[in-house]
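Below is one structure, written out as structure tokens; the observations come after it.
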Amino acid sequence: MAALYGPAIASSSAHGVILKEQVRTEALPLLIATNHMGLGAESQAVVRWVLQNRGPLSLRPTGLHVEGEASPLPLTPVMARTLGRLDQWYGLTATKANPITHAQLESAALSAGAVERIRGIFERAIARGVRIGPTWVTPETGGEATIDRELRLVEVVDPRWSTVQALVKVSRDPQAIANLSQARAAEVAAVDTHGLLKVALARFRLGTKGSADEVQRALLTVARNAAPTYSFGPEEQLALITGRDWRGRYVGAWHTHSPHDVGGAWGGGDVPSFEDMRNAVEFGQFLTLSFQQDGFDLYDAEPLGDAKRIDLKLVKVIRYRSPQWRAHFQKLHPGTK
């Protein structure tokens with residue numbers, strides 16, 4: 001299933017918005033494949049109509065028109081809005097045609113609105129965290145970034161983390177863990193990538209001595225491993241794109257390096273990982289937003305896309321520091337219960 005990467009130059013018509021080619025060739029097949037918002041059947045009808053009506057497609061609030069033709073294809077309001085937002089997404093000015101300079105990115109990232117947005121991202125991540133022993137584990141998060149006068153980081157929560165939260169909630173009861181793992185087998189398998197919990201539960205079901213403790217240890221390891229492994233797939237991206245209106249210029253994907261619990265206080269996040277830099281080489285940009293005790297570091301890996309090699313020395317960093325930040329987040333620390 002293809003992801004919806006690659007915004008293009010926008011175009012318009014006095015009679016409506018001229019849909020970009022990617023809406024037809026990339027987005028509509030994805031709507032059909034996923035039946036996103038129940039639009040699969042209508043998307044198939046749109047594709048059939050498009051194949052029979054060649055020419056530039058004009059999107060209006062009530063339907064699709066071929067330029068110069070009189071017979072439109074009526075659309076439901078949900079489909080019209082969805083196609084409009086997909087067209088906005090593909091219409092974000094391409095960075096190759098109008099590159100975003102590091103100075104522009106820095107100015108936008110340090111604007112008051114962007115700092116407030118980033119603070120909220122880390123606040124929500126902490127709130128989604130789980131306690132493992134005495135330690136509070138905060139998951140990574142991420143999404144897509146655009147820029148106008150501010151840096152706008154639109155978030156997509158990793159759907160796998162809710163499975164970790166549910167498992168940790170019953171972490172002291174091996175039988176409850178077994179029941180939940182059976183009821184949500186596919187979801188648990190998505191976080192138990194090395195099969196640690198699966199093996200431990202098999203031994204528990206056989207009544208193997210010491211297996212109850214083994215189940216608990218395996219679960220805690222799975223939770224610790226899941227927290228720093230943010231996943232953002234095509235279906236989540238599609239839901240993000242169709243869930244809001246878009247403006248500005250496209251920056252790229254982003255993700256966080258979350259605060260670490262270091263015994264009653266927060267420790268800072270790390271520099272971009274090898275995988276982060278590899279993504280930047282492949283896609284041309286990848287922002288890593290790293291929490292710090294008194295602010296954040298935003299790593300701009302766009303130079304790696306130009307150089308086509310992984311080299312941390314090429315990555316540029318934007319730093320924000322504030323004593324108020326440190327005090328604010330310390331109040332959010334859950335303590336060591």
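The values are calculated or read from the model by the stated rules, or taken from the named source; none is laboratory data. Remember, it's a predicted structure, so these values are computed and weren't measured experimentally. No Cβ is skipped: glycine too gets one built from the backbone with ideal geometry, and neighbour counts run over all protein chains shown. Accessible surface is based on the protein model in full, side chains and every heavy atom, while ligands, DNA and RNA are left aside. Shrake-Rupley method; radii C 1.70, N 1.55, O 1.52, S 1.80 Å.
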Rounded to the nearest 10 degrees, what's the angle between the helix 196-205 long axis and the longest principal axis of the chain, both from Cα atoms, 0 to 90?
-> 60
In what order, largest first, do R54, R24, R247 sit by accessible area if the probe radius is 1.4 Å?
-> R54, R247, R24
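In whole percent, how big is the carbon plus sulfur part of the accessible area of the chain, probe 1.4 Å, protein atoms only?
On the way: 8670 of 16250 Å².
Of all accessible area on the chain, carbon and sulfur atoms account for 53 percent.
Express in nm, to one decimal, how much length is gained between D294 and M37 on full extension, taking 0.36 nm for each residue of separation and deducting their alpha carbon distance.
Values: separation 257, 0.36 × 257 = 92.52 nm, distance 4.11 nm.
Computed gain between D294 and M37 is 88.4 nm.
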So how far apart, in nm, are the two label points at T221 and E116 if each is 7 Å from Cα heading toward Cβ?
-> 4.6
Take the alpha-carbon centre of segment 164-224, take the same for segment 267-337, and report the distance between them in whole Å.
-> 32
How long is the gain from R321 to T193 if the chain were fully straight, where each residue apart is worth 0.36 nm and the alpha carbon distance is subtracted?
-> 42.4 nm
Net lengthening on full extension, V47/R244 (0.36 nm per residue, minus Cα-Cα) = 68.6 nm
Over the chain, what is the mean sequence separation of C-alpha contacts under 8 Å (at least six apart), divided by residue count, expressed as relative contact order in percent?
-> 16
